[in-house]
Amino acid sequence: MSGTNPRAVRIAGLIKRVVAQSLERELHDPRLAGVTITDVRVTNDMQIARIFWTQLGDDGKEKGQRRRAAQALNQAKGRLRSHVGHKAGLRLTPVLEFKYDDVPSEATEIEDILTVALKRDAELAKARETAQYAGDADPYRHDEPKNDDFDDTDDIDDDIDTDGTDESNDETPEADAHFMA
């Protein structure tokens, strides 16, 4: 298919323009009303050109209109091929194959699904605004460290007297001598 050969890509673009102009200006078939050429892919050997088309139809009548448009395109295939050969100046004009392109209708379905999803998201956002926790606001336990061994209010400076003697040791030197003996 096209995409690997640059010449095939150029020829595909040319075929797309020629076929679209021919449908608009030269083929006056009412069955082709609303037909749009969406893509053209040419094989690397330039033998086959697949033309993808879609049609905007009336509600409820799409299948019948699509069937009639496909019939009209197949009947006009020879004339369109001669237009392509004349305008492109190719030695060998590719065989034209018309395929209905389901992408636009599938895109509409996807857009509908996305619309429903956006509506659900909006409902959830609205519900979250007034939501409250079922339990505590912070359900995780935060144990405070126990400060029994260390008291922050006890300063080291309190243990030293203004005269420079250490008052933290309440024992007298005589008591120390008693333990030594």
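The values are calculated or read from the model by the stated rules, or taken from the named source; none is laboratory data. Predicted model only: the values in this text are computed from it and were never measured. Here Cβ is always computed from backbone atoms with ideal geometry, including for glycine, and neighbour counts include all displayed protein chains. To get the accessible areas, we keep the full protein, side chains included, count just its heavy atoms, and leave off ligands, DNA and RNA. Shrake-Rupley method; radii C 1.70, N 1.55, O 1.52, S 1.80 Å.
In region 44-71, what count of residues is obtained for those that are surrounded by fewer than 18 Cβ atoms within 10 Å (Cβ to Cβ) and either hydrophobic (A, V, I, L, M, F, W, C) or under 10 Å from residue 12 (Cβ atoms) (or both)?
Summing the residues that are surrounded by fewer than 18 Cβ atoms within 10 Å (Cβ to Cβ) and either hydrophobic (A, V, I, L, M, F, W, C) or under 10 Å from residue 12 (Cβ atoms) (or both) in region 44-71 gives 3.
Can you say whether residue 24 is out of contact with any Leu (no Cβ under 8 Å at 6 or more places or on another chain), open to solvent by less than 60 Å² (accessible area, probe 1.4 Å), charged (D, E, K, R) and closer than 26 Å to residue 107 by Cα, as far as the supplied structure shows?
no
From the residues in region 87-99 that are out of contact with any Ser or Thr (no Cβ under 9 Å at 6 or more places or on another chain) and not charged (D, E, K, R), which one is most open to solvent (accessible area, probe 1.4 Å)?
Top of the filtered list is 92.
Which is in contact with a Phe, Trp or Tyr (Cβ under 6 Å, 6 or more places away or on another chain) and open to solvent by less than 90 Å² (accessible area, probe 1.4 Å), of 84, 40, 35?
35
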